[in-house]
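Remarks on the structure that follows.
The values are calculated or read from the model by the stated rules, or taken from the named source; none is laboratory data. These figures come from a predicted structure and were not determined experimentally. Note: ideal-geometry Cβ built from the backbone for every residue, glycine included; neighbour counts use all protein chains shown.
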Amino acid sequence: MTLLPVDTALARLLALAKPISESETLPLDACAGRVLASDLTARLTQPPFDSSAMDGYAIRAADARADVRLTLIGESAAGHAFDGVVGPGETVRIFTGAPVPEGADAVLLQEDAIRHEDGTIGMSFFPEPRRHIRPRGQDFREGETILKTGAVMTPSRLMVAAAMDHAELSVRRHTRVGLLATGDELVRPGEPRAASQIIASNTFAVAALARDCGADITDLGIARDTMEDLAARIAAARAARLDVLVTLGGASVGDHDLVQKALKDAGMQLDFWQIAMRPGKPLMVGSLGDMVVIGLPGNPVSSLVCSLLFLEPVLAKLAGLAAPKREADVIVARALGENDKRRDHLRATLDRNEQGRLVATPFDKQDSSMMNVLAQAGCLIIREPFAPPLAAGETARAIVLRDPETA
């Protein structure tokens, strides 16, 4: 079988994923990071009145001259407007955010005001009309569409949604992801295990990555190497109306690799299997009804690398989000030999040199079973198929796993 190039495989996977259109209504304080399912329109005008931008005195600009002495007739504070009218020769003490009283058309800063012994107000600066006044509707007006469908609710957008008087928002529901580990050799952490068994560690890494993409996780447990157990868990995945089913291990075609067969028996349309990459060659992708199926390798490092390259972008598309931009140029600290026909992803530490450039130092051991090496890595150096040798100090592309300043 011809191995599929990484970019082709990703494009075919993304073609299977249709952005989620279903929505739910949530309280505003539960909407951080969520994606708007409909346009958001202002329910009021902001500010709702002409307001003062500074502490000072509300005046008539026509009174702004050197010899004026204004009579102080009241005060306007935020939440406590002055309800009279400012006439010629009069002023009102005003504070930031307070309504500008009728008749006034400028604000004299308090530091530019001269307080005379008789209580009248003079001025050392002569403001022109509208000086230091925020006009009604300067920010937005009632009925104006401020946030469009598909906007991600960042802190600043939550702030403006609240200011528009929205206590609830219609947002796209979270992507539903099911994780199904497979294999007689697997047990959960803390459970008794036989001498030939190992800990099922992949689930925790993949679940964490999916949650970072905003997904809700359904743990379908560990399926034993029987068609009956696999069929039952696949049926549970369909009953849960998952958007994505991620299987962990068993997707090859050995005597004990039953996942692909069980999924086909359940009706899965296999799109492709086996990628020209290392680690992660035995990646499987298909669809089961509306559910996208991704069969990750059972090898822990392969599983997580494939999750970064394939699961993360597909979850972003389903959620209506931009996929994280992980790639960056790095300086390789050691010479790298010529690559073979598969795209390679070399685990490496990541630092910055004195010029601020990223420097990647590949680990000596790259065995895909070594989880500790991946845990220490700050990036994956990308080596394209048949890439020529690379000397120390030359530049390569890399998938950044974490900022070098992060512990």
| Top-ranked residue in the stretch 1-15 [being touching a strand residue (DSSP E or B) at 6+ places or on another chain (Cβ under 7 Å) and modelled with pLDDT of 95 or more; ranked as surrounded by the fewest Cβ atoms within 10 Å (Cβ to Cβ)] | R12
| message | The conditions are (1) surrounded by 14 or more Cβ atoms within 10 Å (Cβ to Cβ); (2) closer than 15 Å to G56 by Cβ, and S124 fails exactly one of them. Which is it? | response | (1)
| task | Go through the stretch 150-193 and give me each residue that's among the small types (G, A, S) and either assigned to a helix (DSSP H, G or I) or farther than 30 Å from V259 by Cβ (or both). | result | G150, A151, S156, A161, A162, A163, A167, S170
| message | Looking at the stretch 307-331 only, could you name the residues that are among the aliphatic types (A, V, I, L, M), surrounded by fewer than 22 Cβ atoms within 10 Å (Cβ to Cβ) and either more than 30 Å from V171 (Cβ to Cβ) or touching a strand residue (DSSP E or B) at 6+ places or on another chain (Cβ under 6 Å) (or both)? | response | A328, I331
| note | Wholly inside the stretch 287-371, strands (runs of 3 or more DSSP E) that include 3 or more residues that are in contact with a Phe, Trp or Tyr (Cβ under 7 Å, 6 or more places away or on another chain), outside the structural domain of T247 (by TED's automatic domain parsing) and farther than 24 Å from D7 by Cβ are none
| query | Does S196 satisfy the condition of being loosely packed, with under 14 Cβ neighbours inside 10 Å and under 29 Å from S307 (Cα atoms)? | reply | yes
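Quick grid of which residues meet (1) part of a strand (DSSP E or B); (2) at pLDDT 95 or above; (3) out of contact with any Asp or Glu (no Cβ under 7 Å at 6 or more places or on another chain); (4) not basic (K, R):
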| residue | (1), (2), (3), (4) |
| --- | --- |
| A62 | no, yes, yes, yes |
| D67 | no, no, yes, yes |
| L72 | yes, yes, yes, yes |
| E111 | no, yes, yes, yes |
| note | Subset of the stretch 54-81, residues within 22 Å of G97 (Cβ to Cβ) and small (G, A, S), comes to G56, A58, A61, G74, S76, A77, A78, G79, A81
| note | Residue pairs qualifying under the 6 Å Cβ cut-off, at least six apart or on distinct chains, with the first in the stretch 67-87 being without any contact (Cβ under 8 Å) to a residue 40 or more places away in the chain and the second being among the acidic types (D, E), are I73/E90; V85/E102
| Residue identified as under 24 Å from F204 (Cα atoms), without any contact (Cβ under 8 Å) to a residue 24 or more places away in the chain and hydrophobic (A, V, I, L, M, F, W, C) among A239, A319, A262 | A239
| Enumeration of residues in the stretch 216-231 that are out of contact with any Lys or Arg (no Cβ under 8 Å at 6 or more places or on another chain) and assigned to a strand (DSSP E or B) | D219
| remark: Of the candidates S170, S196, S156, the one satisfying the condition of being without any contact (Cβ under 8 Å) to a residue 60 or more places away in the chain and under 21 Å from the mean Cα position of the chain (by Cα) is S156
| Looking at the stretch 84-108, which of its residues are closer than 23 Å to Q46 by Cα and outside any strand (DSSP E or B)? | G84, F95, T96, G97, A98, V100, P101, G103, A104, D105
| said: Restricting to the stretch 372-404, name every residue that is among the hydrophobic types (A, V, I, L, M, F, W, C), outside any loop (DSSP other than H, G, I, E, B) and either free of Cβ contacts under 8 Å to residues at least 60 places away in the same chain or in contact with a Phe, Trp or Tyr (Cβ under 8 Å, 6 or more places away or on another chain) (or both). | reply: V373, A375, C379, I381, I382, L390
| message | Would you confirm, using the coordinates I've provided, whether A262 is at pLDDT below 90, outside the structural domain of I382 (by TED's automatic domain parsing) and either outside any loop (DSSP other than H, G, I, E, B) or surrounded by 18 or more Cβ atoms within 10 Å (Cβ to Cβ) (or both)? | response | no
